[in-house]
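The following block contains the structure, expressed as structure tokens.
Nothing in this text is a laboratory measurement; each read-out follows from the coordinates by a stated rule. On a predicted model such as this, the values are computed, not experimentally measured, just so you know. A quick note on method: Cβ atoms are made from the backbone with ideal geometry, for glycine too, and the neighbour counts reach across all protein chains shown.
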Amino acid sequence: MALKQWLLSGLLASTCLVSIAAAGPIENYSPVTAERLKNPEPGNWMHYRRTYDGQGYSPLDQINTSNVKNLTPVWTFSTGVIEGHEAPPIINNGVMFVATPSGQVIALNAKTGDEYWRYKRQLPEDLFQLHPTNRGVGLWQDKVYLATTDDHVVALEAKTGKVVWDTKVQDYKKGQYLTLMPLVVDGKVIVGGSGGELGVRGYVVAYDAETGKELWRTFTIPGTGEPGNETWSGDDWKTGGGSAWMTGNYDPDTKTVYWGTGNAAPWPGDTHSGDNLYTSSVLALDPDSGKMKTYFQYHQNDSWDWDEVDAPMLVDLQKDGRTIKSLIHPGRNAIFWVLERKPDSIKYVAGWPFVHTDVWKGIEPESGKPIVDPAHKPVIGKRVEFCPSLWGGKDWPSAAYSQKTGLVYVPANENFCGGFTGEKVPLVAGQLWLGTKPEDIGLTPRPGATHFGELQAWDPATGKKAWSHNFPKSQLFGSVTATAGDLIFVGGTNDRMFRAFHAKTGELLWEQKTNSGIMAMPIAYEVDGTQYIAVQSGWGVDAQRIQDGLVGKVPGLENNVPQGGVVWVFAVKK
Amino acid sequence: MCQDPTRRALILTVLATGACVASSRSSVAEEDLPGSNERPQKADVLVFSEGEHAGEVIKPQDLKVGGPPVRAWPKDPRTSVIRKGSRLNEVLVVKLDPAELDEETRSRAAGGVVAYSVICVHTGCPITAWVKAANSDKDVFKCVCHNSEYDPRQSAQVIFGPAPRRLPALPLEPDDGPLTVAATFVGKVGAQQAR
């Protein structure tokens with residue numbers, strides 16, 4: 001065979017192989033409407049936390065406390081990607097969309113695991129990825145929306161994966177990037193920017209779902225002349241952090257989006273004096289205009305890297321003889337917050353420490369402002385230790401609320417303290433800007449600590465802990481999901497286990513070792529009458545950082561967690 | 001916490017001179033000069049990329065044996081263009097005891113001076129720390145983003161953390177003059193791409 005002809009044959013064969021490898025395009029796709037997003041079918045998981053209220057609760061109960069012991073893998077799918085896989089699989093009537101680090105989206109048959117199509121973001125080779133992850137795709141009509149670490153929002157055709165539009169948000173070379181799952185509200189694709197360690201000014205921005213045109217942008221740090229700017233000194237607001245890198249929740253009844261914001265930057269509070277609105281806060285935004293309706297700041301003048309980016313859950317809470325339209329947020333700052341959402345304000349209801357902390361002396365009962373112990377507040381030129389560590393009582397992994405038990409399930413980290421020496425550091429665009437040397441960050445187990453990770457169940461109405469399950473040799477760094485089968489699913493430990501607990505008692509009912517560690521959010525879904533549980537296993541990012549920080553400090557620590565993503569899907573063996 | 005003086009020196013150098021990097025990077029016209037985006041080439045000299053000597057040619061005697069490393073740009077000696085148009089061109093330069101270097105590393109060294117890409121091959125963060133290795137008493141390169149560590153004595157092979165491969169080496173001419181590039185990078189510069 002002539003060389004030219006042989007090469008041509010090879011190319012044609014390659015093309016055919018690509019076609020054969022994928023089962024797509026998707027033939028029967030169910031368009032995603034506003035009504036479906038507002039009231040998703042029980043078998044689907046179309047939001048970050050399944051529903052707009054962010055509860056992380058599935059009404060499916062086919063898998064329950066009596067049969068979960070028979071849960072077994074039915075299919076798996078290797079993503080081919082390393083680093084932290086943090087996205088929940090998104091389910092729309094039998095179609096699963098999986099987002100991975102490096103900006104990939106894989107469309108799969110949710111029943112069989114067959115691939116329909118794959119989108120691969122061609123990331124710039126000079127990209128600096130501090131948090132190389134992605135937390136999922138948003139859905140609207142016949143499109144899928146991805147936010148990328150090179151700071152673009154991309155719309156894909158749901159049936160084929162073809163790019164419909166691609167909008168640059170800001171410049172990745174200046175430390176701007178995106179890691180969250182877009183929130184879709186009435187044809188608007190809403191995202192928030194990451195980059196708090198790189199001297200950025202946080203924002204939330206909305207795009208038209210059809211065209212990618214920017215509709216509004218609200219900065220989380222107010223500029224000159226805007227309300228709240230007076231809580232900053234000089235020009236500190238221009239680079240003050242407040243990143244908004246987790247998906248917000250939404251109250252359709254009042255048309256209000258609730259978005260969590262990041263810490264102030266750089267870390268030591270004396271580099272940015274003032275309360276620093278609206279960092280470490282929850283913002284109430286109008287999704288049509290981006291206008292801020294109100295806010296609540298969890299703590300002022302953050303100095304600990306305690307962002308509060310995991311949006312609070314919306315729960316109708318029965319407390320003291322009335323129904324409170326509440327916001328519930330187990331904070332990175334170690335306080336379990338119960339707030340009341342009103343049209344023009346967010347009111348403090350209750351708060352208590354859910355892990356050991358030496359930073360707070362109490363909470364002002366009217367304002368809800370925590371009272372800081374200055375001995376444990378980092379400053380320039382002095383090493384300061386504090387509890388919990390900078391990863392907080394609960395980092396970004398989400399808690400869940402069960403509508404059956406009325407309990408909140410928290411992936412907490414107990415007995416970790418830490419510290420650093422504050423330094424005044426000039427900002428270089430696109431480079432780390434922490435206010436300390438990154439390798440100076442300490443992570444120290446408390447003397448006598450018997451465990452670290454702690455899955456907790458709290459009654460938000462009474463402030464009483466119902467139960468907890470402790471992990472002696474591992475952090476707990478994974479989101480929690482609750483189901484109507486009275487089950488709590490969570491990974492998050494460095495032994496690579498995926499576990500199910502009894503929602504009422506905390507009894508460990510089932511566990512399965514996976515390929516890597518699980519940071520991502522488990523989901524429940526249903527196809528053709530069968531309920532499935534799915535989760536991505538793929539260790540990395542901050543779970544890996546915590547683990548590296550514990551080497552040599554925790555005897556017997558498992559420090560060899562292999563990386564590499566796999567989608568795991570389970571069902572009950574019949 | 002007591003700080004290792006060499007680690008502190010590198011970090012302070014990196015941080016304190018960041019403004020110089022920023023100011024030089026703000027010169028768009030300079031970055032657009034022909035060749036500023038091209039990878040280091042044979043016969044390029046190395047210049048300090050930061051600090052009070054930013055832009056000056058580096059000589060072996062400017063470096064202290066045992067580190068800390070300095071960050072450097074390649075410079076075309078014929079056109080005087082500094083190749084700082086891409087962050088992928090920046091290198092770490094460190095002077096070590098030649099007896100500590102393995103054979104492959106020694107073959108790329110100028111005396112005990114070795115040069116490697118500053119870009120961690122894991123996710124593309126810059127390597128900023130010179131610290132005791134997690135598993136030994138040797139000072140090594142560390143990328144603090146995700147804790148990858150590389151030993152410059154052994155072709156910058158990975159000795160800890162998630163990085164999948166060694167840092168690309170930049171071979172140097174084995175003489176005592178200004179540090180001069182002997183060949184292009186050995187290996188692909190920058191982060192790995194998934195699939």
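Return the whole-Å distance between the Cα centroid of the stretch B:81-99 and the Cα centroid of the stretch A:483-510.
When both Cα centres are located, 50 Å separates them.
To the nearest 10 degrees, how steep is helix A:541-550 against the longest Cα principal axis of chain A, on a 0 to 90 scale?
60 degrees
Would you work out the relative contact order for chain A, in percent, from Cα pairs under 8 angstrom that are 6 or more residues apart?
After rounding, I find 14 percent.
What are the lysines whose alpha-carbon lies under 19 Å from the alpha-carbon of A:Lys69, with same-chain residues fewer than 8 places away excluded?
Those lysines meeting the cut-off are A:Lys504, A:Lys513, A:Lys573, A:Lys574.
Taking the Cα centre of the stretch B:95-195 as the origin, how large is its charge dipole in debye, to the nearest 20, when only Lys and Arg (+1) and Asp and Glu (-1) carry charge on their Cβ atoms?
Dipole size: approximately 540 debye.
OK, next. Angle, helix A:3-21 long axis vs. longest principal axis of chain A, Cα atoms, 0 to 90°, nearest 10?
60 degrees
Cut-off under 17 Å on the C-alpha distance; same-chain residues fewer than 8 positions from B:Lys42 excluded. Which aspartates and glutamates are left, in chain and number order?
B:Asp76, B:Glu90, B:Glu173, B:Asp175, B:Asp176
Mind listing which GluC sites (Glu not before Pro) in the stretch A:305-369 are in a DSSP loop and have 12 or fewer other Cβ atoms within 10 Å? Spell out each step's value before the answer.
Details: sites: A:Glu308, A:Glu340, A:Glu366; in loops: A:Glu366.
Those that pass, being in a loop and sparsely packed, are A:Glu366.
Over the Cα atoms of the stretch A:135-231, what Rg and Dmax result, in angstrom?
Just the Cα atoms of the stretch A:135-231 yield Rg and Dmax of 14.1, 49 Å.
Another question about this same structure. For the stretch A:149-192, what does the relative contact order come out to in percent, with C-alpha contacts under 8 Å and a separation of six or more?
Working: 56 pairs, mean separation 15.1, N = 44.
Once normalised by length, the contact order is 34 percent.
Something else: Pairs of alpha-carbon atoms within less than 8 angstrom and 6+ residues apart define the contacts here; what relative contact order does the stretch A:275-376 have, in percent?
Across the stretch A:275-376, relative contact order equals 18 percent.
A further question on this structure: Hey, which of these cross-link pairs are over 29 Å Cα-Cα: A:Lys342/A:Lys369; A:Lys174/B:Lys64; A:Lys238/B:Lys84? Before the final figure, lay out the partial values.
Details: A:Lys342/A:Lys369 18 Å; A:Lys174/B:Lys64 33 Å; A:Lys238/B:Lys84 27 Å.
Those over the limit are A:Lys174/B:Lys64.
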